[in-house]
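> Okay, handing you the structure first.
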Amino acid sequence: MPPELESLRDVIRRHELDARKALGQHFLLDPGITDHIAALAGALDGQHVVEVGPGPGGLTRSLLTAGATSVTAVELDSRAVAVIQELAQFYPDRLSVVEADALKQDLTALCPAPRQIVANLPYNVATPLLVGWLRQGTAWGRLTLMFQLEVAERICAAPDSEHYGRLAVLSQWCADCAVVMKLPPGAFTPPPAVWSAVASITPHREQPAPALFKAMERVTAAAFGQRRKMLRGSLKSLNGAKLLDAANIDGTRRAETLSIAEFDQLARAHLALG
């Protein structure tokens, strides 16, 4: 049986844990919602979970109740660190907190495999966090992450659609991606200005080598950096004519029309051409 815990609102009041815009904080206090997010991560028995930005610990509680073997909470806000340290007293063998900036921390070093990340991400750093974790695709069994809805749609967008861009290519090249839950602003405290969504991101078994991942980052940055241009123009800085010829792709096309497989051809050609 889980312990009887103080309500999250009382915890917030006692620790003066008002959400701070500078930290991109929007707290989830409804246990029905946090339990559902934990369930979306799949069976957690035997899994080591890293949570980024736990805040008052609502999702943390749900992950522990769902049976995660361990939960490591990574938190930058010292007020929230104190909250999670209190919670850890009830789960001394399963919950730990690391006071750190997740952008500067190698999360794979915090727990053994099999490992997952489940988090209501701070919205101001969500995208760079995701790209960093995609670079470590072999280390993670699944990422179950809350984003602003538009960002989640960009991750999962299909070619030649409104939201298709660099983030979609990098994400879907490395993983199976799907929007699995949408939440209105009122689900959060304080409410953000936009809807939010949980994306389920399951890395493919085979992952690109680091050098190839860097090549893909360069190619997509150039291609979508000037997305209104034809590829022969947007890729000019990467020796575009030779690159497109090597990948057998028509230079009059635009970036948003290319499939993930075609971007893979471009990245491999770019790496081969040096």
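The values are calculated or read from the model by the stated rules, or taken from the named source; none is laboratory data. Fair warning: this is a prediction, and the values are worked out from it, not measured in the lab. In this analysis, Cβ positions are derived from the backbone assuming ideal geometry, glycine residues included, and neighbour counts consider all displayed protein chains. SASA here: full protein model, heavy atoms, side chains in, ligands and nucleic acids out. Shrake-Rupley method; radii C 1.70, N 1.55, O 1.52, S 1.80 Å.
> Of all residues in region 76-118, how many are not charged (D, E, K, R) and not in a loop (DSSP other than H, G, I, E, B)?
Filtering region 76-118 down to residues not charged (D, E, K, R) leaves 76, 78, 80-85, 87-92, 95-98, 100, 102-103, 105, 107-114, 116-118.
Among the residues that remain, those that are also not in a loop (DSSP other than H, G, I, E, B) are: 78, 80-85, 87-88, 95-98, 102-103, 107-110, 116-118.
Count: 22.
> Only one of Ser171, Ser161 is in contact with a Cys (Cβ under 8 Å, 6 or more places away or on another chain) and either small (Gly, Ala, Ser) or closer than 23 Å to Gly24 by Cα (or both). Can you tell me which? Talk me through it step by step, then tell me what you get.
Numbers: Ser161 fails: in contact with a Cys (Cβ under 8 Å, 6 or more places away or on another chain).
Residue meeting the stated conditions: Ser171.
> Anything in region 233-267 that is in contact with a Pro (Cβ under 9 Å, 6 or more places away or on another chain) and charged (D, E, K, R)? List them, or say none.
Let us first name the residues in region 233-267 that are in contact with a Pro (Cβ under 9 Å, 6 or more places away or on another chain), namely 256-260, 262, 264, 267.
Scanning region 233-267 gives Glu256, Glu262, Asp264.
> Sticking with this one: For region 239-264, enumerate the residues that are exposed (fewer than 15 other Cβ atoms within 10 Å of the Cβ), touching a residue at least 24 places away in the same chain (Cβ under 8 Å) and over 16 Å from Ala215 (Cα atoms).
Result: Thr257, Ser259.
> Would you be able to tell me the number of residues in region 129-141 that are in a helix (DSSP H, G or I) and either hydroxyl-bearing (Ser, Thr, Tyr) or farther than 18 Å from His26 by Cβ (or both)? Full working, then the answer.
Going through region 129-141, the residues in a helix (DSSP H, G or I) turn out to be 129-134, 137-139.
From what is left, the residues that are either hydroxyl-bearing (Ser, Thr, Tyr) or farther than 18 Å from His26 by Cβ (or both) are 131-134, 137-139.
The total comes to 7.
> Now for a different question. Could you check region 206-238 and list, in sequence order, the residues that are modelled with pLDDT of 95 or more and outside any helix (DSSP H, G or I)?
Selection gives Glu206, Gln207, Pro208, Ala209, Met230, Leu235.
Yes/no matrix, rows are residues, columns are (1) touching a Lys or Arg at 6+ places or on another chain (Cβ under 8 Å); (2) open to solvent by less than 40 Å² (accessible area, probe 1.4 Å); (3) farther than 28 Å from Ala187 by Cα; (4) outside the structural domain of Ala102 (by the TED database):
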site: Gln116; (1), (2), (3), (4): yes, yes, no, no
site: Pro128; (1), (2), (3), (4): no, no, no, no
site: Gln136; (1), (2), (3), (4): no, no, yes, no
site: Arg142; (1), (2), (3), (4): no, no, no, no
site: Ala157; (1), (2), (3), (4): no, yes, no, no
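> Ok, one more. Name the residues in region 70-93 that are in contact with a Leu (Cβ under 6 Å, 6 or more places away or on another chain) and either under 22 Å from Trp140 (Cβ atoms) or open to solvent by 40 Å² or more (accessible area, probe 1.4 Å) (or both), would you?
Val71, Thr72
> I'd like the full set of residues that are over 21 Å from the mean Cα position of the chain (by Cα), touching a residue at least 40 places away in the same chain (Cβ under 8 Å) and closer than 24 Å to Arg115 by Cβ, limited to region 1-56.
Within region 1-56, Pro2, Gly46 qualify.
> Is it true that Ala269 is surrounded by 13 or more Cβ atoms within 10 Å (Cβ to Cβ) and not assigned by the TED database to the domain that holds Ala43?
Details: surrounded by 13 or more Cβ atoms within 10 Å (Cβ to Cβ): yes; not assigned by the TED database to the domain that holds Ala43: yes.
Yes: the conditions hold for Ala269.
> Suppose we filter region 17-44 for residues that are modelled with pLDDT of 95 or more and open to solvent by 60 Å² or more (accessible area, probe 1.4 Å); how many remain?
So the count comes out to 6.
> Among the listed residues Leu231, Leu273, Leu243, Leu235, which satisfies the condition of being within 20 Å of Ser161 (Cβ to Cβ) and not hydroxyl-bearing (Ser, Thr, Tyr)? Give the derivation first.
Values: Leu273 fails: within 20 Å of Ser161 (Cβ to Cβ); Leu243 fails: within 20 Å of Ser161 (Cβ to Cβ); Leu235 fails: within 20 Å of Ser161 (Cβ to Cβ).
Of Leu231, Leu273, Leu243, Leu235, the one residue that is within 20 Å of Ser161 (Cβ to Cβ) and not hydroxyl-bearing (Ser, Thr, Tyr) is Leu231.
> Restricting attention to region 30-75, which residues are hydroxyl-bearing (Ser, Thr, Tyr) and assigned to a strand (DSSP E or B)?
Taking region 30-75 as the starting set, the residues that turn out to be hydroxyl-bearing (Ser, Thr, Tyr) are 34, 60, 62, 65, 69-70, 72.
Across region 30-75, the qualifying residues are Ser70, Thr72.
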